[in-house]
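Notes to accompany the following structure.
We did not get these values from a lab; they are worked out from the coordinates using the rules stated. Source: prediction; values computed, not measured. Note that each Cβ is placed from the backbone with ideal geometry, even for glycine, and that neighbours are counted across all protein chains shown.
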Amino acid sequence: MIAEHPVIQILIPLLGAPLCVLTGRGVLAYWLALACSLASLFVATRLLATVMATGPIVYELGGWAAPWGIEYRIGPLNSFVLLLVALLGAMVMLAAKKSVESEIPGDRRHFFYAAMLLCQTGLLGITITGDAFNVFVFLEIAALSSYVLIAMGHQRRALYASYQYLIMGTIGSTFILISIGLLYQMTGTLNMADLAARLPAVGDTRTVLVSFAFFMVGVSLKMALFPLHMWLPNAYTYAPSIVSAFLASTATKVAVYVMIRFLFSIYGPAFAFDRIGVSQILGSLALVGIVIMSAAAIFQNNVKRLLAYSSVAQIGYIVLGISFASENGLTGGIVHLFNHGLMKGALFLVVAAVVYRVGSSDLNAFRGLGRAMPVTMFLFVLGGLGMIGVPLTVGFISKWYLILAAIETGHWLAVALVLLSSLLAVIYVWRVVEFAYFQPRDRDSDPVGEAPLSMLVPTAILVLATIVFGINTEWTVGVARAAAVFLLGGHA
Amino acid sequence: MMSENRPNEKQYWFDQPKNVKLILRGLYVTCAGLFLADFFYHRHVDEPMEKIFGFYGIYGFVSCVILVLAAKEMRKLLIRKDDYYDSAEDGMPGGNAGGNPGGSKSGGDAP
Amino acid sequence: MSEQFGLFNYWVVITLMMTGFYIVIARQNLVKKLIGLNIFQTSVFLLFITMGKVRGGTAPILDKTIEIYSNPLPHVLILTAIVVGLATTALGLAIVVRIDHVYETIEEEEIHDIERGIKR
Amino acid sequence: MSNLHPALVFFAGALLVAMLRGRAQALVALLVPIVSAWSAFQLTAGTEITLSIFDYELMPFRVDRLSLLFNYLFHIAAFLALLFAWEAGDRLQRVSGLLYAGSALLAVFAGDLITLFVAWELLAVTSVFLIWARGTERANRSGMRYLIVQILSGVILLAGAILHLRETGSLAFNEIGIATLGGKLILLALGIKAAFPFLHSWLVDAYPEATPVGTVFLSSFTTKVAVYALARGFAGEPILVIVGGAMAAFPIFFAVIENDLRRVLGYSMINQIGFMVVGVGIGTDLALNGAVAHAFNDVLFKGVLMMSMGAVLYRVGHVNGSDLGGLYKSMPFTTVFCCVGAASISAFPLFSGFVSKSMVVAAVLHEHHIVVWMILLFASAGVFHHAGIKIPFFAFFSHDSGLRVKEAPKSMLFAMGIGAVLCIGIGCFPQFLYARLPWPVDYVPYTGTHVLTQMQILFFSALAFTWLKLTHLYPPELRAVHLDIDWLYRRALPATARGVAMVAERVRLFGAGLALSFVSGLQQAGRHHLGPDGIFGRTWATGSIAVWVAILLVIYLIFEYGA
């Protein structure tokens, strides 16, 4: 049974999606989607445990051996990302019922859940596959379903945001497709491991260089790396709250994973970092992004938008870690990829709860919520402390490794800017806290109660995870370090 | 003096000018005594300047006068109205710049 | 001759790519942008098909008389990509229809104006 | 013999207190320091607990004589503050006060820089609620500034710690020194918390804005933790002698003209820390003992003074010198306790300040730092002037303001009373304190010369005050604020930031315009992008994002071919 887990991981949500559509308008679609998400989480946990215990898993789809067939190849890095996606998928789905009922019309809910499952399928597929073209296919599955999900937002700007995302996302994935095509042209293979073996022989050709450029730009667009992030704030702001929570915590992270995978296990660190010196571009974009986007977050008046800008800044941290191409840097980047997923998921779920109760994610809507929704707001504060990087939260762990890596490689500016941006994070988190705790509710507004338990529990689980993994770092850092060592060693 | 407006109120010790004078006289006498004590008591001396007769008394007096007069001059330079900062901090980006007209008295200013 | 033909194909790819990309950048009309996107994607399809072509080769049919045939894999891959492109275009057009419905315009600039008017 | 970390007792106690209400809450809060003390006073030097996380050996619990002294001190301070809070406290203040005191204990028992950093940030995060609890707009803003400065200090400490690790290979918190860059950064971080000159404004900005209870807590822990850390990490750094001298001198000028009496105390706190920093800088056994002993005493007498001003604030609603006076009639006990605190801070013989401050002064004289010694003499006279005379005089005597309020609540009087008794007790029987000092003590405070010279300085200062007052040369108390270094970030920086933001916006518009005119210039199209209501001012249009894609692609290609 365990041998088939890799394909089951993908099949569960993939088959769940059409079933959701078939169940029609009832509440059944929700329970089906939830069951799929939980099952998917279970499988992801098993996969990670197996990988950590016995080493990488290779699964040949349909029994066709690579490089002819498609192969799923699961190592420490992607089993970690799989777990993140599955975990957030499950938590978000747990919280989804009430929020979706209030934001999505009844006749579209089963489509909504189908799209959520498809999006999960795509993200899981990108992560699990060992075939470059397969990455593109899953990328498009995830992207198309997320355009649909964003367009379901109840404000009309959601449509425009979705349209913009569609254009930019398509350009991004087409760029990646071009890059994969050019690689195929030079090597005649699409299997990642095979590509890695054959590329060094042709590494100096113009075709490979061009493919690298197309790939980097395409993937930067997908993961919203500054300055290609402009599609993201609108998309996250106007999407249904549950969708924001899911996409913010997983979609960009998976794109970052794709970048790590291509950089380290296809092009190889020797080509990407030593020959081309991609560190310089990545590092400077990341640093500028961290500072400018953190500053931009301060000026937002919508909490979803504020969190979206902060997400772009946090992507900067991850990319910064990767750009060091050292063990500590990569560990920091990978661990932050996971940690930030937890934190942002939790924060967006809090916003979802507020939208559910108050009906808006405007800063003004947060007035007095410290009193009206004490537990929810407390969770926000804890999550916010993580964003700042306060010790005993996961945010601190990631920053620690990033700073350590920056010092090791002598990037003093990076150290200073990362520390500076922590202060900016204090301010943008504070703005929400200020409205929640220090501003009275409007007298004529309706009384507001605590968020429903079904939303509080998954949020609390995520927040708890940010603290548990902030104190006991053995597991997260251990896996991330294993992945980093694996990648730097040039393995798949 | 407010206490004069309250004829029924109990008279406190310091309300009597003669008591205040008593205190002051006590102070003068003590100071004189301490100053002259240098005659009778041989102080242990580490620094040459301590040998000056009545050094500590003079130093204490002079430094206090200089302190107060200097502070008085400093005040002319530094004094601002009571609400100086309150009026200045509106329109801070961290607080409520734009788009949030209801929050006219929000804090959260960021340096 | 065939060499020039091959190069000619790549020139077409580049021209189409630039044209498509330019339309995405420069056109305000949301449908035109989608069409630009389509042209852009088509250029990539052409790129794949071109690279699969082997000089003098025929269609990859299992027949003893055929010795040289084109690489079928890129062609198969591009079928997938075409389907993806189709889905994207369909979805994009559906969104544009709804945008037209709620904004009563499909000019990007006018949408911005409307939103700005509401925001202020 | 016990190995229980007292900070854990405080944290657990805070959790318990958070769940209680009413009298039970106040009682349990008060019991926490007592229960903790029961085990903490049995700690013996030499206990060490190591822990390995993060790939490093950390030592979150290390007991030696230096940390033990602060351990006793913080227990006493927490007890007094919570007793003071019996009537005036609420759940928020008790919980954050307990967490805050626990964080301070965590800091003094930290054997490594990471634990110290964690405690450092906890000190900031837990204490800010004591300011926000005041609930006024000013307090909110001030608290935020306080929090940012404190967290900045933590961030610098972390950076310093990492550098220190790189430079020395060790995270242990022992002698650090300023030879390395890491050491310099750590000193800067400590300097912020210790309110070094130019880094001090958070203190006088935030402390007067806190609640009556809050200020009592605040004045006991943060700065003393910093002094402790300085004594451990930077003993004998000559630069500290100069810094300390400046700290002792400059605040008294501000204190003389300041109207808010709690802010006056804030300035006098910086002045007292100056003495301690000088002691640390000299670094001899006598000087270090003087520094930590003075820190010990400062918590007590500054606590009494802050409590008495807190009581006035609690009863009257403000502590503006200009609007007080004559309160001795209605608050006689508070008056007496305040005077004891004032006498202690002024270092009258038989009061606690005398037995510790004279150690520092004697150590300075012993090392022949003449200029510093003269500054300290000046500061001694000055502190009597503003803290010893000004505080009690303007609050309780002076001209009668007509205020007739109730005497402070009994719980406050008890807290002040215990503090006052301790001040006198230590002043009369210094051997109890000396026996617990970390380094060997061989010092006799009560010699004829010491007593005489100190009395001469103090009485002639009083004479000066009287003379200036009678001749009306003394500046009157005015309802006003006085500019301090915080003007830089409260006025100058925001103004600059606004200016920069405006310029940046222009540049952004210009830059975006440039990029697009480049494209449109090539193709004679996209004219409308540049129209009068151009697209650049708004959120990014799809086309502009695509332009960025193209630009980035070109950058990558150029970069690759260049490589």
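Laid out as a table, the results:
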read-out	value
P(r), alpha carbons of region A:137-248 - 10 Å bins starting at zero, rounded %	15, 39, 25, 16, 6, 0
For A:ALA114, net neighbour charge (Lys/Arg +1, Asp/Glu -1) across residues whose Cβ lies under 15 Å away	+2
Whole-Å semi-axes of region C:37-120's equivalent ellipsoid (Cα gyration tensor)	46, 12, 7
Calculated SAXS-style log₁₀ I(q)/I(0) at q = 0.05 Å⁻¹ - the protein assembly as shown, Debye, Cα scatterers	-0.43
Most to least packed among B:42-49, A:262-269 [average Cβ atoms within 10 Å]	A:262-269, B:42-49
All-pairs alpha carbon distance profile, chain D, 20 Å steps from 0, percent	21, 49, 20, 9, 1
Rounded if a/c under 1.5, otherwise prolate or oblate - region D:51-127, Cα gyration tensor axes	oblate
Alpha-carbon Rg/Rh ratio, for chain A, with Rh computed the Kirkwood way	0.95
Per-selection Rg to Rh, region D:213-278 - Cα, Kirkwood hydrodynamic radius	1.02
Over the protein assembly as shown: helical MRE at 222 nm, DSSP H runs n ≥ 4 each giving -39500 (n - 2.57), nearest 500	-24000 deg cm²/dmol
Chymotrypsin sites (Phe, Trp or Tyr not before Pro), loop per DSSP, at most 16 other Cβ atoms within 10 Å - longest free stretch of chain D	D:199-445
Calculated over region A:303-420: convex hull of Cα atoms, volume per residue (Å³)	90
Kirkwood Rh and Cα Rg combined as Rg/Rh, region A:42-84	1.02
Efficiency of FRET between D:ALA45 and D:VAL421 - r from beta-carbon atoms, R0 35 angstrom, step 0.05	0.80
When the convex hull of its Cα atoms is projected in every direction, mean area for region A:1-85 (nm²)	6.2
Total formal charge among the other residues, if their Cβ is under 14 angstrom from that of D:ALA24, Lys/Arg +1 and Asp/Glu -1	+3
Convex hull (Cα only) mean projected area of region D:145-191, reported in nm² to one decimal	3.0
Chain lengthening between D:THR284 and D:GLU137 when straightened (0.36 nm per residue, less Cα-Cα)	48.3 nm
Partner chain coverage, peptide A:471-484 - average Cβ within 10 angstrom	1
Mean shadow area of region B:16-82, taken as a quarter of the surface of its Cα convex hull (nm²)	8.1
Cα-only radius of gyration and Dmax that characterise region D:19-64, units Å	16.2, 46
Compactness of region D:235-480 - radius of gyration and Dmax, Cα, Å	17.5, 53
All-pairs alpha carbon distance profile, region C:76-120, 5 Å steps from 0, percent	6, 20, 17, 16, 11, 11, 9, 6, 3, 1, 0
Positive minus negative residues near D:GLY182 (Lys, Arg vs Asp, Glu; Cβ under 10 Å)	+1
For chain A: relative contact order, % (alpha-carbon pairs under 8 angstrom, 6 or more apart)	15
Farthest toward positive dipole pole in the protein assembly as shown [+1 Lys/Arg, -1 Asp/Glu at C-beta], among A:PHE338, B:VAL45, D:THR453	D:THR453
Principal axis box of region D:182-241, alpha-carbon based, largest edge first, Å	37, 21, 20
Cα-centre dipole for the protein assembly as shown with unit charges at Cβ (Lys and Arg positive, Asp and Glu negative), debye to 20	2120
Diffusion constant of region D:129-269 at 20 °C, which comes from Stokes-Einstein with the Kirkwood Cα-pair radius and 1.002 mPa s, µm²/s	135
Peptides A:197-208, A:234-245 ordered by average Cβ neighbours within 10 Å, highest first	A:234-245, A:197-208
Cα centroid separation, region A:357-407 to region A:36-91 (Å)	31
